[in-house]
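Colleague: What follows is a structure written as structure tokens; I'll ask about it next.
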Amino acid sequence: MTEPDNYADRIPAMIRVPRGDVAAGADVCNSIMVCCYKRPDEHGMQKEKARWVLDQSRNMGYERSPANSSPTCLASTLFLCLAIACQYGWEISQFDVTGAYLLAAPSHLMYARYPSGWRDFLVAKYGTPPYEPDDFLLRVNRNVYGANDAGRIWFDLISGVLMEELDFRRCQIDRCCFLKVEGEQRVVLILYVDDLLVIGTEPLRTQIVSRIRDRFPVTEGGADYLGMHILHDTQHNVLKVTQTQFALAVCRKWGYHDAKPAATPLPTGFVATSTPESLSAAQPIADGAAAGIDMKSFAGQIGYLATRTMPHLLYAFCKLAEAAQPSKACPDAPTPFHKSVAARTLRWLRHNTHLGLRFRRVNEFSLDGHVDASFGREARPEQGFTSGSRSGVGIIACGAAVSCASASQGATSISTAQAELNALVLGMRTLVALRRLAEFLIGERLPTSTLHCDNMSVVLMLQRRDLKPTMRHVAVGLGFIYDTIDSGEVIVRHIRTARNPANTFTMAESRDRFAQSVSTLCGQKHVWTPASSRGSEPQSTETDARPDADETGATPPLATPVKAATAGDGPSPCSVIATGPASHIAITPNRGDLVTGKENADPDVPAQRDTADSPVPSDDRHVAGAVAVARRRCNVGDVHI
């Protein structure tokens, strides 16, 4: 194989020219030397890196804009492609383009000054400087890092090669995702600046990899991609993505590499405005290391984990980011209490660095989702009081999450139902976009997706398609949901609050509920050891996280008492399910809890039994009491024993 003929091999990056030869009014900018440490690799090794870059940001008239930057693939695109690779047994290759930006020519003629301290470097190396740096400028001949439009120039080069020379098609949902189809063979290429991930069927994938090597100087990425370790077991049809080394590096940086474990990342019910007195749960352990935590830096590190392989940390990331700097809602932030909460997060992370996303092959590839909302518990930093709501969304494919969100709602909701509707719109929009992307990649239509919501008022509203006078202002969002349901792409189903994994995106959960949410989102069982064995680590297994999941797709709770209607479920009739070893009771509204584009089934047909196995006393008095409470709280309903 011949070496690729690259622009970087033929033309030097910068050439020294006398200042007198530079025309008046020429584009001249500063340059700097950047030295840093790279992320630890899969073996924990940390490398040093130095780069000579332009510094146009200090020049008057220069403004960085997204139009001049290199776009990057969405995290949901990456994990959806990995789920597809696990489902269909596609092979995976990872590459890094060496000196990617330098492979292209600059957009215009520019000059750069020598970095500060360059003369001292010449004195240290030669004794007597061979030239005076102040008498020369550097003419930029390549697309040097640091230029305002360097990222865009590189992206235009690589995308042009992929589409014009290799006959790839660009995805309309994510412009950093490319697809090539030849007969029954398909190859997907994901681009994250200069990191390439090639997924597809053989032998087409091998041919594409060979042509990329001929065109660009690349290095093999091994099993590490963007700091994530990807392990694809084609024999057992399992694919796991983890960030163990990065998580360990975070714990070591803040001095928690040998800390005691914590049951959850946050105290139950924690918000940024919480105080030790306002929380009834066990308080975080205060130690000397907590005072040295830089909240802004730590929040960014937790955010990288949460937006990649640990979606169950999204809410912790949001709350720690709110407490990282003063605001009207929390003027004293970060307080010692906030840092003790950050220390608790580190103690949890230290003993759960092995957690990640575990995809497995299923009978039929599909996308399902869960949504939830917290009403009136979000502090508005610009207002200084608590009035906002938060939406939580989790989209699952092949047993693990491919897209998750924990976002503060922009509009102020006036009821729980409205907050849930806003979350449902966000979840529906995300689910539809991922369906379009998946159908583009695999070339076939997906089966109908199920979106789970734990608010029965919203489910009945979608079923009856009638709006109360106080809900008229959400008609636009409801219209989008109606159209999606009528198209047959998505159905909305009710799920019990205790079994909704999206709840972890809207509040700090208790130990057992958090462990259940982690199991559902990560695709592997996560169990916290009892308090009697405190000091041992949480346990997780590589088995299916939902072996006994019911038709809702949610994991049965670890220990759930008889659940009656609550204020959070709204005033409408809601499902009340109590299960025990000797009996199964299901109380459901007459009109059903499944919303589809078609008419609902006969209301007289008994509802299916729930298959949860939560331990509930089977004594007849307890059963009769549960039925009586449910009948009082639900005006209509059928009881099936």
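Colleague: First measure r as the distance between the Cβ atoms of ILE15 and THR206, then evaluate 1/(1 + (r/R0)^6) with R0 = 41 Å and state the FRET efficiency to the nearest 0.05. Write down the numbers at each step before the final one.
Modeller: On the way: r = 40 Å, r/R0 = 0.98.
The calculated FRET efficiency here is 0.55.
Colleague: Then there's this: Hey, what's segment 357-446 come to in accessible area per residue, 1.4 Å probe, Å²? Intermediate results must be reported in sequence, preceding the final value.
Modeller: On the way: 2990 Å² over 90 residues.
Using a 1.4 Å probe on heavy atoms only, each residue of segment 357-446 averages 33 Å².
Colleague: What FRET efficiency comes out for ALA411 versus ALA67 if R0 is 35 angstrom and r is the Cβ-Cβ distance? Round to the nearest 0.05.
Modeller: With R0 = 35 Å, the Cβ-Cβ based efficiency is 0.75.
Colleague: Relative contact order for segment 98-241: what percent, with Cα pairs under 8 Å and sequence separation of 6 or more? Can you show the working numbers first?
Modeller: Numbers: 158 pairs, mean separation 23.3, N = 144.
Once divided by the residue count of segment 98-241, the mean separation gives 16 percent.
Colleague: Over segment 80-182, with every protein chain in place, what whole percent of the accessible area is carbon and sulfur at 1.4 Å, could you tell me?
Modeller: Details: 2060 of 4330 Å².
About 48 percent, which is the carbon plus sulfur part of the accessible surface.
Colleague: Might you tell me the accessible area per residue for segment 121-239, computed with a 1.4 Å probe and given in Å²? Could you put the intermediate results ahead of the total?
Modeller: On the way: 5310 Å² over 119 residues.
With all protein chains present, segment 121-239 gives 45 Å² per residue.
Colleague: Can I ask one more? Given q = 0.14, 0.18, 0.27, 0.31 Å⁻¹, what are the Debye log10 I(q)/I(0) values for segment 409-451, with equal point scatterers placed on the Cα positions and solvent ignored?
Modeller: Results for segment 409-451 at q = 0.14, 0.18, 0.27, 0.31 Å⁻¹ read -0.44, -0.60, -0.90, -1.05.
Colleague: Multiply the residue gap between PHE480 and SER387 by 0.36 nm, knock off their C-alpha separation, and tell me the result in nm, one decimal place. Can you show the working numbers first?
Modeller: Numbers: separation 93, 0.36 × 93 = 33.48 nm, distance 2.60 nm.
The PHE480-SER387 span can extend by a further 30.9 nm.
Colleague: Label ASP258 and GLU48 with points 7 Å out from Cα along Cα→Cβ: what is the distance between them in nm?
Modeller: Label at ASP258, label at GLU48, 2.8 nm between them.
Colleague: So, one more: How much of the accessible area of segment 384-516, probe 1.4 Å, is carbon plus sulfur, in whole percent?
Modeller: Working: 2240 of 4120 Å².
Answer for segment 384-516: carbon and sulfur cover 54 percent of the accessible area.
Colleague: How big is segment 185-319 by Rg and Dmax over its Cα atoms, in Å?
Modeller: Reported Rg and Dmax, both Å: 20.5, 64.
Colleague: For segment 118-206, what value does the Rg/Rh ratio take when both radii are computed over Cα atoms and Rh is the Kirkwood radius, given to two decimals? Walk me through the numbers before you get to the answer.
Modeller: Values: Rg = 21.5 Å, Rh = 16.6 Å.
Here Rg/Rh amounts to 1.29.
Colleague: Structure shown: which of LYS253/LYS328; LYS240/LYS260; LYS296/LYS328; LYS38/LYS296; LYS240/LYS525 lie over 22 Å apart, alpha-carbon to alpha-carbon? Show your work: numbers first, answer last.
Modeller: Details: LYS253/LYS328 31 Å; LYS240/LYS260 26 Å; LYS296/LYS328 18 Å; LYS38/LYS296 20 Å; LYS240/LYS525 14 Å.
LYS253/LYS328; LYS240/LYS260, as the Cα separations exceed 22 Å there.
The values are calculated or read from the model by the stated rules, or taken from the named source; none is laboratory data. Just so you know, these numbers come straight off a predicted model, no measurement behind them. Neighbour counts run over all protein chains shown; Cβ positions are idealised from the backbone, glycine included. For accessibility, only protein heavy atoms count, side chains too; no ligands or nucleic acids. Shrake-Rupley method; radii C 1.70, N 1.55, O 1.52, S 1.80 Å.
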